[in-house]
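Below: the structure, in structure tokens.
The values are calculated or read from the model by the stated rules, or taken from the named source; none is laboratory data. Values in this document were obtained by computation on a predicted structure and should not be read as measured data. We place every Cβ from the backbone using ideal geometry, glycine too, and count neighbours over all the protein chains shown.
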Amino acid sequence: MLIELGIQNLGVIADAQLPFAPGFTVLTGETGAGKTMVLNALALLMGGKNNPKLIRQGCESLAIEGSWDVSGWPDVQALVQQVGGEIDDDGSVIGSRLATAARSKALLGGRVVPQATMAQFTGALATVHGQADQVRLRTPSRQRAALDEYGRSAQPHYAEVLSRYQELWESQAILQAQYETLTNAAAQRSREAELLRLSLTDIERVAPLSGEQTELASQAARLTNVESLRLAAGQAHDAMVGSELPDGDAASATLLIETARRALVQAATDDATLTPLAERAAEVGYLVADLATELASYLTGLDADPEQLEIVQARLSELNGLARRLGMSLDAIPEWADAAAKRLLELDNDENAITTIETQLAAVRVELLAAAGALTVARQQAATSLATAASAELAGLGMKDAELLISLAKVELGAAGQDLVEFQLLPHRGAPPSSLSKGVSGGELSRVMLALELTLAATNSSNKELQLPTFVFDEVDAGVGGKAAVEVGRRLARLAQLTQVIVITHLPQVAAFADQHLVVEKLGGDTSVTVISGADREREIARMLSGSEGSATALSHARELLGSA
């Protein structure tokens, strides 16, 4: 419930505090006094777009503050707590909107919040009906939404049927997106798979071994340089075992080491410390002899082999060609091949995935069609019930022979089902029905909207767990007068027995039914808002009746109207 609305520097209103009580509150006043600014203030408080033109002339900013009683609204309380806002001990929360020409700021419970959060907060607590809402009621989507709202409250399983359809529609959308992703990229993924398959086939054909390239390079170097290797090994061998020197003397490492050993052995008889050195000289001799043997063996096996050299070079060329085609080193190929095989398996499974999704889509489609049929049946039942209840309300609103008709036409499946919902008004017997989207006057549309709201509110009130929001009506009585206006007031008062109702009106017949009466007055350049009662209220009703609050006849009529209400 809205407890109080504070307005500063909004249009013609410099500073005003509007207290609101439970039940039925009306705002009245002369045309141009600023009643519309009250509605604009509520719109801003409910997350509406900032409009610099709303800032009072000569001022740099405006401020709107609403105090709300959120007792009994656990979801709203949770939202306030979630943003770190403060809830007073009496269950009230302050929501504020501060705006300049350039920027706007929203505060909830003393905490700065996004405009969307403020809209979520106030949207749960209040519903505003203005001329724009009547226009929206002309659209099929709005009419379907009204029917669904009624159905959820009036029929036990309606919400379940609607929710089931929506879940299936979402599942179909997800599967369809997956299917399109796979099929749209099918050609590209097929090319990728083919390239991977060719590369893996190439690797399998060449079959590179770990370290093979290094070993083959070593073999190629040996086979290519046989003569230089033979010369070097031969010279080393000769140096070990002996060779013909240029001066004719023969010398070898073996002979020289042996000579050194003998000298040390002989000397060791006089000095025992030379014995280890003699032993080491013997060891060196053994090593030299072994080296000479190995060099001889190496020379024996060192033969030129052009055919083997050709085989080695061909294999090296094959390995290097594979590395060049893949664009990586031979050492990196095994790891890449493992990853490529896994990726190829994934790509090859795409066809199976597409087939699986096609099967799932077909199954969901069958369920979706069944759910759409069930939703249509539920809507037809709700349409009959809503049309009957709303028609009864229209009779009480001065449209005695009027009847609301709700028809369903089958259309292509969509997010909301397969039903095109159309509200039609039969204004009186013998007249053709007129669609609300065209051919219905503003006054008739106002009463249809009020009849629907009353019906929905009465249905919702039967749900003890459901809290009804504050209803704000801006000239819902437009185009209505006389007895019909009295019935509008009576029904607004009846709605106010279920929840808080705030109405901006020009009709005294409506204002007379209010529990609280606020007058918006323009005094000089300022606008004030005052709570009136007693004689002041009688004068305001008289003004609304005749345009002159001092007319004795009007005052008498006003007292009569108030007494009757």
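Against the numbered list (1) buried (at least 20 other Cβ atoms within 10 Å of the Cβ); (2) modelled with pLDDT under 85, residue 421 comes up short only at (2).
Report whether or not residue 330 is within 42 Å of the chain's Cα centre (by Cα) and among the hydrophobic types (A, V, I, L, M, F, W, C). No, not satisfied. Pairs meeting the criteria (first residue in the range 45-57 and assigned by TED's automatic domain parsing to the domain that holds residue 9, second residue in a loop (DSSP other than H, G, I, E, B) and surrounded by 11 or more Cβ atoms within 10 Å (Cβ to Cβ), beta carbons under 7 Å, at least 6 apart or on different chains) are 52/101; 54/11; 55/101; 56/11. Only residues that are under 13 Å from residue 5 (Cβ atoms) and part of a loop (DSSP other than H, G, I, E, B) were counted in the range 39-48, giving 1.
Please find, within the range 175-227, the residue that is surrounded by the fewest Cβ atoms within 10 Å (Cβ to Cβ) out of those that are modelled with pLDDT of 80 or more and basic (Lys, Arg). Among them, the one singled out is 205.
Looking only at residues of the range 77-120 that are among the β-branched types (Val, Ile, Thr) and in contact (Cβ under 8 Å) with a residue 12 or more places away in the chain, we find that the one that is surrounded by the fewest Cβ atoms within 10 Å (Cβ to Cβ) is 100. Kindly establish whether residue 447 is modelled with pLDDT of 85 or more and under 24 Å from residue 508 (Cβ atoms). Against the criterion (modelled with pLDDT of 85 or more and under 24 Å from residue 508 (Cβ atoms)), residue 447 does not qualify.
Just one of (1) in contact (Cβ under 8 Å) with a residue 60 or more places away in the chain; (2) closer than 30 Å to residue 207 by Cα fails for residue 295. It is (2). Residue count for the range 544-565 satisfying the condition of being polar (S, T, N, Q) and farther than 21 Å from residue 31 by Cβ: 3. The test for being crowded, with 18+ Cβ neighbours inside 10 Å, touching a helix residue (DSSP H, G or I) at 6+ places or on another chain (Cβ under 9 Å) and of a type in the set (Gly, Ala, Ser) holds for residue 514.
Residues in the range 48-74 that are farther than 26 Å from residue 9 by Cα and exposed (fewer than 12 other Cβ atoms within 10 Å of the Cβ): 72, 74. When we screen 520, 472, 529, 488 for residues that are surrounded by 14 or more Cβ atoms within 10 Å (Cβ to Cβ), modelled with pLDDT under 90 and out of contact with any helix residue (DSSP H, G or I) (no Cβ under 7 Å at 6 or more places or on another chain), the only hit is 529.
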